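The values are calculated or read from the model by the stated rules, or taken from the named source; none is laboratory data. All values derive from a computational prediction rather than experimental measurement. In this analysis, Cβ positions are derived from the backbone assuming ideal geometry, glycine residues included, and neighbour counts consider all displayed protein chains.
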Amino acid sequence: MIGNVNKALGKTRICPHCKVTILESATICPACQHHLQFNRSEVQSRSGVTETALRVEGTIKHSGKDSGWEYSLVISVRNERGQEIHRQIVTVGAIQPDELRTVTLTLDVSKPSTADSDSK
């Protein structure tokens, strides 16, 4: 059974609404927040417990002394050896004098259902 659980961990699919890659176990897309089609018996068998393991929020404010700034919001994921395993530019933009931007990063974790894993 342990081998089956590990094979199902991290399996992905494409959200039919926004076309972002999401976890196959998701019932709500974390990107567009749309509910996904689901088999009601599968959802009832899932633990449904998702928790936020990490939340970081920060605000940058242009000082207003210079011309505008350009920015790139980059997310980097590293493994236990410090090796970068994923890097993605989330968005780019500009901040004009006296404007601000607030960025929130959350890392949500959940346990896969053993019912989902056993059926694969």
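Miscellaneous remarks
- Considering each residue of the range 110-120 in turn, none proves to be within 19 Å of V56 (Cβ to Cβ) and either at pLDDT below 95 or surrounded by 10 or more Cβ atoms within 10 Å (Cβ to Cβ) (or both).
- Exactly one residue out of E42, E57, E51 is of a type in the set (D, E, K, R) and at pLDDT below 85: that is E42.
- The set of residues in the range 1-39 being among the basic types (K, R) and either surrounded by 12 or more Cβ atoms within 10 Å (Cβ to Cβ) or modelled with pLDDT of 70 or more (or both) consists of K11, R13, K19.
- Subset tally (residues that are among the aliphatic types (A, V, I, L, M) and without any contact (Cβ under 8 Å) to a residue 12 or more places away in the chain) for the range 48-80: 1
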